[in-house]
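Have a look at the structure below, then the notes.
The values are calculated or read from the model by the stated rules, or taken from the named source; none is laboratory data. This one's a predicted model, so the numbers in the text were calculated from it and none came from an experiment. Quick reminder, even Gly has a Cβ in these numbers, built from the backbone with ideal geometry, and neighbours come from all protein chains shown.
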Amino acid sequence: MEGSTREGNSREGSAKATQGTDVAYAKAQQGGGRVPARAGLPNGGGGPPAGAASACHRPQSMRRTELIHRTVDSPLGSLLLVASPAGLVRVAYSVEDHEDVLEGLEALAPGGVERAGAALDGPARQFEDYFAGRRNEFTVRVDLPDPPPTFGAQVLQTVQRVPYGAVATYTDIAALAGRPDSVRAVGAACARNPLPIVVPCHRVVRLDGSLGHYVAGPAAKRWLLRFETLGPDRQVPTHRPGR
């Protein structure tokens, strides 16, 4: 019920925005979809929400024994999913070049990087449900390289608290992660996010409401914000990054 109310409020706020206005800017200005630092985030911003993607953190020096991969189609183009036995390691857009991503991950996998059989069907279904408007959060296990004490890991944990259909600013995330003066470091951590969409860094915008950087480009970030605000029933046009 709470999720439905939140989604309803976000859609109502979007309807008031001037046509053609950046959704993130409109939501930040109206305040209805903004998650300000002074208000905090659900569950205090201290970790992923109940039911959200759970993390298995490991030191950068620890190598995965093997990795598996598959792709899933989306309105934003083909998405590459890569997983270790512990969880999802990487989500990559086509503009990142899937072959380059897999080649870069080979150093972490002495056992090789193999095409998945049915092992990644569960995560793939969650992406399909998300883009069909049937899912507001991901519940897959994720395998992140940094242990929780690093600031980058704290940033990604905090970003997971930003609800579907809402936005927070880089300044908000810095404050909630415990280092209010480290706004640039928040941007850097979001830029290095290995699991876009699952860890929703697209919901983090600049203080003036403008979009800021996104790995698949600002048009993809705008598409995701519009999609989460309007829903698939409003027929948000398909966007292919790089086109």
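Just one of (1) on the phi < 0 side of the Ramachandran plot; (2) not assigned by TED's automatic domain parsing to the domain that holds residue 70 trips up residue 120, so point out which.
(2)
Scan the range 147-176 for residues that are crowded, with 23+ Cβ neighbours inside 10 Å, more than 18 Å from residue 196 (Cβ to Cβ) and of a type in the set (Gly, Ala, Ser) and report the count.
Total satisfying the criteria: 1.
Specify which of the listed residues (95, 101) is part of a helix (DSSP H, G or I), touching a residue at least 60 places away in the same chain (Cβ under 8 Å) and not hydroxyl-bearing (Ser, Thr, Tyr). Please lay out each step first, then the result.
Values: 101 fails: touching a residue at least 60 places away in the same chain (Cβ under 8 Å).
Unique residue meeting the criteria: 95.
Just a yes or no: is a residue in the range 220-242 at pLDDT 95 or above and among the small types (Gly, Ala, Ser)?
Yes.
Regarding residue 82, is this residue part of a strand (DSSP E or B) and buried (at least 18 other Cβ atoms within 10 Å of the Cβ)? Working first, answer last.
On the way: part of a strand (DSSP E or B): yes; buried (at least 18 other Cβ atoms within 10 Å of the Cβ): yes.
Taking the combined requirement at face value, the residue satisfies it.
Which condition from (1) closer than 28 Å to residue 229 by Cα; (2) at pLDDT 95 or above; (3) charged (D, E, K, R); (4) buried (at least 17 other Cβ atoms within 10 Å of the Cβ) is the one that residue 34 breaks?
Residue 34 satisfies all of (1) closer than 28 Å to residue 229 by Cα; (2) at pLDDT 95 or above; (3) charged (D, E, K, R); (4) buried (at least 17 other Cβ atoms within 10 Å of the Cβ) except (2).
From the set of residues in the range 149-172 that are among the aliphatic types (A, V, I, L, M) and touching a residue at least 40 places away in the same chain (Cβ under 8 Å), which is farthest from residue 209 (Cα to Cα)?
Taking the range 149-172 as the starting set, the residues that turn out to be among the aliphatic types (A, V, I, L, M) are 153, 155-156, 159, 162, 166-168.
Next cut, touching a residue at least 40 places away in the same chain (Cβ under 8 Å) only: 153, 156, 159, 162, 166-168.
Details: 153: 24, 156: 20, 159: 17, 162: 15, 166: 12, 167: 9, 168: 9 Å.
Among those residues, the one meeting the criterion is 153.
So, in the range 93-135, exactly how many residues are under 21 Å from residue 192 (Cβ atoms), touching a Ser or Thr at 6+ places or on another chain (Cβ under 9 Å), modelled with pLDDT of 90 or more and not aromatic (Phe, Trp, Tyr)?
Within the range 93-135, residues that are under 21 Å from residue 192 (Cβ atoms), touching a Ser or Thr at 6+ places or on another chain (Cβ under 9 Å), modelled with pLDDT of 90 or more and not aromatic (Phe, Trp, Tyr) number 2.
Being free of Cβ contacts under 8 Å to residues at least 24 places away in the same chain and in a loop (DSSP other than H, G, I, E, B) is the filter here, so list the residues in the range 118-127 that pass it. Break it down stepwise before answering.
Initially, the range 118-127 is screened for residues free of Cβ contacts under 8 Å to residues at least 24 places away in the same chain, giving 118, 121-122, 125-126.
118 - this is the single residue of the range 118-127 that is free of Cβ contacts under 8 Å to residues at least 24 places away in the same chain and in a loop (DSSP other than H, G, I, E, B).
For the range 194-217, what are the residues that are surrounded by 23 or more Cβ atoms within 10 Å (Cβ to Cβ), out of contact with any Pro (no Cβ under 7 Å at 6 or more places or on another chain) and farther than 19 Å from residue 165 by Cβ?
195
How many residues does the range 179-206 hold that are aliphatic (A, V, I, L, M) and touching a residue at least 40 places away in the same chain (Cβ under 8 Å)? So that I can check it myself, show each step before the final result.
Just the residues of the range 179-206 that are aliphatic (A, V, I, L, M), to begin with: 183, 185-186, 188-189, 191, 195, 197-199, 204-205.
Then keep just the ones that are touching a residue at least 40 places away in the same chain (Cβ under 8 Å); that gives 195, 197-199, 204-205.
Adding up the residues that qualify gives 6.
Count, please, the residues in the range 157-198 that happen to be within 13 Å of the chain's Cα centre (by Cα) and of a type in the set (Ser, Thr, Tyr).
Of the range 157-198, the ones within 13 Å of the chain's Cα centre (by Cα) are 157-168, 189-198.
Those still in the list that are of a type in the set (Ser, Thr, Tyr) too: 158, 164.
Going through the range 157-198 one residue at a time, the tally reaches 2.
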